[in-house]
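All remarks here apply to the structure that follows.
The values are calculated or read from the model by the stated rules, or taken from the named source; none is laboratory data. Remember, predicted model here, so these are calculated numbers, not experimental data. Note that each Cβ is placed from the backbone with ideal geometry, even for glycine, and that neighbours are counted across all protein chains shown. Surface accessibility is based on the protein's heavy atoms, side chains included, excluding ligands, DNA and RNA. Shrake-Rupley method; radii C 1.70, N 1.55, O 1.52, S 1.80 Å.
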Amino acid sequence: DKVLGIEGTAWNLSAAVFGDGLISLYSKPYQPASGGIHPREAAQHHASEMREVIARVLTAPDEIEAVAFSQGPGLGPCLRTVATAARALALALDVPLVGVNHCVAHVEIGRWATGCVDPITLYTSGANTQVFGYLNGRYRIFGETLDIGLGNGLDKFARSKGLPHPGGPKIEALARGGNYIDLPYTVKGMDLAFSGLISAAQESTAPIEDVCHSLQETAFAMCVEVTERALAQAGKDEVLLVGGVAANTRLREMLRTMCEERGARLFVPEPQFCGDNGAMIAYTGKIMLEAGATLPVEASRANSHYRTDEVEVVWRHGDER
Ligand code: ATP
Ligand code: FE2
C-alpha cells in the first residue's frame, strides 16, 4: 500500500509518500520574519505552499491508497489548514483518511529509522517535551513538561540575549566554552518545568558562555532523570531520542552515558526523521491503514490538544523480537 502523509502542526509543511519504503519526501518550512512562530502566519504559509508540496511528492496519484494527516497536537490554525487539504485530497482520490497523532508518529518513524523495538521515548522539540513508552496497547506518558517545551524555552532565552532564531544550535555552540553556574533544577514527580530555569538564565549576569553551558546541563539533566526513571519503572532497555532538540550533541552524550550505566541502548534517528517531517505521518498512516484504523470524515476535525495516550495502538507493536 502507498500512503500520502501531510505534516504541518507547526512551522514545517511537509509531505511524503510511503510504500515498501520511503518513496518521496518534500518540506517547505515557514520562516518567521522576526521572533517566534505566529500561528496564523504559519497557517497562511501552509495554505499557500500546500499545492506545491503535495505536487512534489505525488507523482503517481492513482497508486495512493489513503491520505494521512497530522491531526494534532499542534497550532490550531495550522492543523485546520492541513486537515482541510487532507479531506479534499482523500475525496478527490476516492481513498480513506487516516488521522495521525503527531507524537505517536515521531515514535513510529523513529522505530522504523533506527530498528529499536520497544523504547522509552524522549521527545523534545519546540512545543513538546514528553517521555513515553508502550504499555498495554497505548503509549503511556510517564512525564512531560508542565509549562513550555524545551526548544521554545531555549529559543526564548536566545531571543532575549539577541541571538538569532532558532536558539538551540547557537546555545550549543556557546556552551562549549562555558563553566558551570547554579541554575534552578525543576523535576516534580515525573514531570518537568522549564520556565523558572529559562527566566533565571535570562536574568543571569554571568558570561553568556557560562549561562548557555549551565542552561544545557540543567535542562538536559532534568530530561535524563525522567527518562531514566521511566526506563526503570517500565523495565525497558531501549531509549529513543526524537524532536528538534535531539540534534544536540551534549544531550545525546548525557543520555548515552545514562544508558550505558543501565545496560540500555540509545537510538537517535538521522536528522531528517528527528524533526517534524511528512515521512513520519505517511509511515504511521500506512501501518494504521493496514490495521484498519481509517477515519470517517465526520471525525476528522483537527485536535490541538490530542494526547499521546488517547491513541489506541491497534497496529503491530513490540512483539517483533
Ligand atoms: P513540535 O515538534 O513541538 O511541533 P517544532 O516544530 O518547533 O515543534 P522541531 O522542529 O522538532 O520542533 O524542533 C525545533 C526546536 O529544536 C527549536 O526550538 C530549536 O531551537 C531546537 N533545536 C534545534 N537544534 C538544536 C540544538 N542543536 N540544540 C538544542 N536545541 C536545538
Ligand atoms: Fe514534532
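If you go through the range 228-248 one residue at a time, how many are within 16 Å of ligand 1 (Cβ to nearest atom), open to solvent by less than 10 Å² (accessible area, probe 1.4 Å) and in contact with a Leu (Cβ under 7 Å, 6 or more places away or on another chain)?
Residues flagged as within 16 Å of ligand 1 (Cβ to nearest atom), open to solvent by less than 10 Å² (accessible area, probe 1.4 Å) and in contact with a Leu (Cβ under 7 Å, 6 or more places away or on another chain) within the range 228-248 amount to 1.
Out of (1) assigned to a loop (DSSP other than H, G, I, E, B); (2) more than 16 Å from ligand 2 (Cβ to nearest atom); (3) farther than 24 Å from residue 17 by Cα, the odd one out for residue 305 is which?
Unmet condition: (2).
Given the residues 68, 127, 85, 92, which is the only one that is in the same structural domain as residue 235 (by TED's automatic domain parsing) and either of a type in the set (A, V, I, L, M) or part of a helix (DSSP H, G or I) (or both)?
Values: 68 fails: in the same structural domain as residue 235 (by TED's automatic domain parsing); 85 fails: in the same structural domain as residue 235 (by TED's automatic domain parsing); 92 fails: in the same structural domain as residue 235 (by TED's automatic domain parsing).
Sole residue among the options that is in the same structural domain as residue 235 (by TED's automatic domain parsing) and either of a type in the set (A, V, I, L, M) or part of a helix (DSSP H, G or I) (or both): 127.
Considering only the range 131-146, I want to know if a residue exists there that is more than 16 Å from ligand 2 (Cβ to nearest atom) and among the β-branched types (Val, Ile, Thr).
Within the range 131-146, the subset more than 16 Å from ligand 2 (Cβ to nearest atom) is 133-138, 140, 142-143, 146.
If we keep only those that are among the β-branched types (Val, Ile, Thr) as well, we get none.
Among the residues of the range 131-146, not one is more than 16 Å from ligand 2 (Cβ to nearest atom) and among the β-branched types (Val, Ile, Thr), which makes the answer no.
Determine if the range 192-215 includes at least one residue that is modelled with pLDDT under 95 and open to solvent by 10 Å² or more (accessible area, probe 1.4 Å). Step through it out loud before you land on a result.
We begin by selecting, within the range 192-215, every residue modelled with pLDDT under 95; these are none.
No, the range 192-215 has no match at all.
Among the candidates 61, 73, 166, 96, which residue alone is within 10 Å of ligand 1 (Cβ to nearest atom), more than 30 Å from residue 232 (Cβ to Cβ), surrounded by fewer than 24 Cβ atoms within 10 Å (Cβ to Cβ) and not aliphatic (A, V, I, L, M)? Steps first, answer last, please.
Details: 61 fails: within 10 Å of ligand 1 (Cβ to nearest atom); 73 fails: more than 30 Å from residue 232 (Cβ to Cβ); 96 fails: within 10 Å of ligand 1 (Cβ to nearest atom).
After applying the criteria, what remains is 166.
Against the conditions (1) of a type in the set (Asp, Glu); (2) in a helix (DSSP H, G or I); (3) more than 15 Å from ligand 1 (Cβ to nearest atom), where does residue 172 fall short? Just the number, please.
Result: residue 172 fails condition (3) only.
Take the conditions touching a residue at least 24 places away in the same chain (Cβ under 8 Å), more than 27 Å from residue 119 (Cβ to Cβ), open to solvent by less than 30 Å² (accessible area, probe 1.4 Å) and touching an Asp or Glu at 6+ places or on another chain (Cβ under 7 Å) and apply them to residue 178. Does it pass? Give the derivation first.
Numbers: touching a residue at least 24 places away in the same chain (Cβ under 8 Å): yes; more than 27 Å from residue 119 (Cβ to Cβ): yes; open to solvent by less than 30 Å² (accessible area, probe 1.4 Å): yes; touching an Asp or Glu at 6+ places or on another chain (Cβ under 7 Å): yes.
When the stated conditions are applied, residue 178 passes them.
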